[in-house]
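Taking it in order: structure first as structure tokens, then the write-up.
The values are calculated or read from the model by the stated rules, or taken from the named source; none is laboratory data. What you see is a predicted model, and the numbers here were worked out from it, not measured in a lab. Cβ placement follows ideal geometry from the backbone for every residue including glycine, while neighbour counts extend to all protein chains displayed. To get the accessible areas, we keep the full protein, side chains included, count just its heavy atoms, and leave off ligands, DNA and RNA. Shrake-Rupley method; radii C 1.70, N 1.55, O 1.52, S 1.80 Å.
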Amino acid sequence: MNIIVAVDSNWAIGLNNRLLVSIPADMKLFRETTSGKVVVMGRKTLESFPNGLPLKNRTNIVLTRDPEYQVKGAVMVHSLEELFEELKQYDTEDVYCIGGDSIYHLLLPYCDVAHVTKIDHAYEADSFFLNLDEDPEWEITADSDEHTYFDLEYQFLQYERRK
């Protein structure tokens, strides 16, 4: 399973259920990487999308504790066991965890690849991702040149779990 996330210099990912910043090249990479694939998210992440609707051209799986929660076009699961049962029908390389922070923390132990957009700026934030640079289980296996969006510098990194 994969994770895809954009983090700031403190590994922050959001504030008030919103992304810290919207960088067009990052959004494009997200679309291209996850299109035609399976995305796993929490309820709040789904509700942060335009009109609270699932992402187009993807299988949307929402992990929620609320047994009554339903959204047309999304598959609802209510436990890790139920999630893993649902994911059996897909190639694990085609599954992307897309947040939020509680879902990232819950699923990181089951992921082998993390696609990280690292933004060289510190934002005010209330949700964070695990700092993979400080985790000996993870190493950078690919990186892009540094990019600039207005005055923001950022880089696309791929981390892989050490074997």
Take the residues in the stretch 31-62 that are in contact (Cβ under 8 Å) with a residue 60 or more places away in the chain and in a helix (DSSP H, G or I), then tell me which one is most open to solvent (accessible area, probe 1.4 Å).
Thr33
I'm checking my understanding of the structure. Among residues of the stretch 106-125 that are out of contact with any helix residue (DSSP H, G or I) (no Cβ under 9 Å at 6 or more places or on another chain) and among the acidic types (Asp, Glu), which one is least open to solvent (accessible area, probe 1.4 Å)?
Asp120
Residue count, the stretch 63-83 (criterion: in contact (Cβ under 8 Å) with a residue 24 or more places away in the chain, out of contact with any His (no Cβ under 9 Å at 6 or more places or on another chain) and closer than 22 Å to Thr33 by Cβ)
2
Mind checking which residues of the stretch 126-142 are farther than 11 Å from Val7 by Cβ and open to solvent by less than 50 Å² (accessible area, probe 1.4 Å)?
Asp135, Trp138, Ala142
Restricting the search to the stretch 82-102, which residues are open to solvent by 10 Å² or more (accessible area, probe 1.4 Å) and either under 19 Å from Phe49 (Cβ atoms) or of a type in the set (A, V, I, L, M) (or both)?
Leu87, Tyr96, Ile98, Gly100, Asp101, Ser102
Quick one: which strands (runs of 3 or more DSSP E) lie wholly within the stretch 104-163 and hold at least 1 residues that are farther than 22 Å from Val39 by Cβ and out of contact with any Gly (no Cβ under 9 Å at 6 or more places or on another chain)?
138-143, 147-149, 152-161
Among the residues of the stretch 5-18, are any under 25 Å from Asp126 (Cβ atoms), surrounded by fewer than 16 Cβ atoms within 10 Å (Cβ to Cβ) and hydroxyl-bearing (Ser, Thr, Tyr)?
yes
